[in-house]
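The block underneath contains the structure these notes are about, expressed in structure tokens.
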Amino acid sequence: MSLYDKILILTGAGMSAESGLGTFRDENGIWSQYNFEEVATPEGYSADPQRCLDFYNYRRDIHKNAEANAAHKALARLEAEYPGEVVVVTQNIDNLHELAGSHRVIHMHGQINKAKCNDCGHVYALSHGNIELTTMCPSCKVVGSQRPDVVWFGEMPYHLEEIQREIDSCFLFISIGTSGSVYPAAGFVNMARKAGAHTVELNLEPSDGAVQFHEAHQGKATEIVPRYVEKLMHEAAIAQKKVVR
Ligand code: OAD
């Protein structure tokens, strides 16, 4: 029975699919409806900022009504009750982990409810409203240079040094609801294995990189994540009893 000092969890769009946010590469996924080069690259933004802002304003509206699902809640419970550390690294730009009650969440692809000024780099919360071409930076006061604080293709994901430290020090690595097609996140499983961690994939179907994991379980996140969390809690309780004896 295992008791892990640190569990690191990587989440992707499949985690929030059952909250109604959609995935990217599944049939009818977001990238089958939009050309990512037009809406999720610096070049796309430069060519037509309005088109790019419209895409994220539309998605922000959908996110506003989204609620944390049973999988987010199970991870929040794991963080609160597991005897070891639990850290989530998410590729998702929603705030559903936080809404569920998770505190240790690293947003490697940014957050849709924040804006960034392309001129001065100031990042700020969008408490209400969207980003328009007329939006003024609250710091440098420039107009017309505001963008969502999300990482686009061709840009460097956030917090990579911190993530590297978390990978190097984790004993269990769990990947949930990600196709494993976007680097650097797709390479985390290999880094975790090299660091000696046990690695587990929880996904609707085997991902591109499923063979790299020690264990892989298929099913909907709202079903398999609570089940896996229950198993971890149970094993930890048994391991703790053995230590007490
Ligand atoms: P993808 O759309 O590539 O993959 C989603 C994965 O979730 C797939 O493997 C699905 O099988 C799985 N899935 C779907 N529904 C599920 C459910 N209910 N329960 C469990 N799994 C489910 O999304 P990501 O891997 O997150 O980046 O994509 C990574 C990055 O690519 C995103 O952060 C985004 C995207 O382009 C940028 O926009 C920069």
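The values are calculated or read from the model by the stated rules, or taken from the named source; none is laboratory data. From a predicted model like this one, the values you see are computed outputs, not experimental measurements. A quick note on method: Cβ atoms are made from the backbone with ideal geometry, for glycine too, and the neighbour counts reach across all protein chains shown. To get the accessible areas, we keep the full protein, side chains included, count just its heavy atoms, and leave off ligands, DNA and RNA. Shrake-Rupley method; radii C 1.70, N 1.55, O 1.52, S 1.80 Å.
Points to keep in mind about this one:
- Count of residues meeting criterion [part of a loop (DSSP other than H, G, I, E, B) and among the charged types (D, E, K, R)] in the stretch 56-78: 1
- Screening 186, 197, 236 for residues that are surrounded by 14 or more Cβ atoms within 10 Å (Cβ to Cβ), hydrophobic (A, V, I, L, M, F, W, C) and free of Cβ contacts under 8 Å to residues at least 24 places away in the same chain leaves exactly one candidate, 186.
- In the set (1) open to solvent by less than 60 Å² (accessible area, probe 1.4 Å); (2) under 18 Å from residue 6 (Cα atoms); (3) more than 19 Å from the chain's Cα centre (by Cα), residue 117 fails one condition alone, (2).
- Selection status of residue 158, without any contact (Cβ under 8 Å) to a residue 24 or more places away in the chain, within 14 Å of the ligand (Cβ to nearest atom) and open to solvent by 30 Å² or more (accessible area, probe 1.4 Å): no
- Hits in the stretch 81-112 (condition: more than 28 Å from residue 123 (Cα to Cα) and touching a Ser or Thr at 6+ places or on another chain (Cβ under 9 Å)): 85
- Hits in the stretch 1-55 - residues which are among the basic types (Lys, Arg) and under 22 Å from residue 115 (Cβ atoms): 51
- Taking the conditions (1) surrounded by fewer than 18 Cβ atoms within 10 Å (Cβ to Cβ); (2) touching an Asp or Glu at 6+ places or on another chain (Cβ under 9 Å); (3) closer than 29 Å to residue 175 by Cα in turn, residue 74 satisfies each one other than (1).
Conditions (1) in contact with a strand residue (DSSP E or B) (Cβ under 8 Å, 6 or more places away or on another chain); (2) under 20 Å from residue 98 (Cα atoms), marked per residue:
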site	(1), (2)
115	yes, yes
118	yes, no
127	no, yes
136	yes, no
164	no, no
175	yes, yes
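- Selection of the stretch 147-191 for residues being of a type in the set (Gly, Ala, Ser) and within 17 Å of the chain's Cα centre (by Cα) yields 175, 177, 179, 180, 181, 185, 186, 187.
- Any hit, the stretch 97-104, residues being closer than 30 Å to residue 211 by Cα and open to solvent by 40 Å² or more (accessible area, probe 1.4 Å): yes
- A search for C-beta distances below 9 Å between a residue of the stretch 8-21 that is within 16 Å of residue 186 (Cα to Cα) and assigned by TED's automatic domain parsing to the domain that holds residue 183 and any residue that is of a type in the set (Asp, Glu) and near the ligand (Cβ under 9 Å from one of its atoms), counting only pairs 6+ apart in sequence or on different chains, returns 13/26; 14/26.
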